[in-house]
Amino acid sequence: MTAVAGALGDETNNGGDPCESLLDWLPDRLTEVYEDAGSRYFVDVWAARDEYFGVMRDRSAANVKHFLSRHQRDELSELEKVDALRLLEMQRHSLLMFASCGWFFEQISRPEGTQIWRYASRAIELAGDVAGVDLEKQFLELLAFA
């Protein structure tokens, strides 16, 4: 068993690509962060995530306010609104890690692969900033095997 397989669990690696296993591990951790922290802000975290794409198309203050009024659990302070939106950005970056262009790279250092890692890095950063969850250290340890 490789070190990555041991860290990620046999069922996720099966002797396969360590990069792929790592990109399976990270979204699972980010989902846990999102559900836990997001439940403080949103009535339904997944409905909020799905409808957030409308905010991405129109980031006007009025549209953001309307979006939050539909999805917030309780009245949010300004700081809570920022954190709620940052959680949604974390989810967006988690989804972007699976952009098809990123899965056709032969070298991790090629532009396509590099972009996938940028999305991952931003999602990790937001998880730490908003929820205080540090995924970076373990992610880097696992990435060293990629």
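Read the figures in this text as sums done on the coordinates, not as results from a lab. Because the structure is predicted, anything quoted here is derived from the model rather than measured. Cβ: placed from backbone, ideal geometry, glycine included. Neighbour counts: every protein chain shown.
From least to most packed, judged by other beta carbons within 10 angstrom and beginning with the fewest, Met97, Met56 follow the order Met56, Met97.
For Phe42, the residues whose amide H sits under 5 Å from its own are Arg73, ignoring neighbours fewer than 5 places away on the same chain, with H placed 1.01 Å from N. Protection proxy ranking, highest mean first, for peptides 122-128, 58-64, 138-144: 122-128, 138-144, 58-64, where packing is the per-residue count of other beta-carbon atoms within 10 Å, averaged. Length gained on full extension, Arg110 to Ser69: 10.6 nm, using 0.36 nm per residue less the C-alpha separation. The fewest-to-most ranking of Arg86, Arg70 by surrounding Cβ atoms within 10 Å reads Arg70, Arg86. Estimated at 0.36 nm per residue, the fully extended path between Glu80 and Phe53 surpasses their Cα-Cα distance by 7.8 nm.
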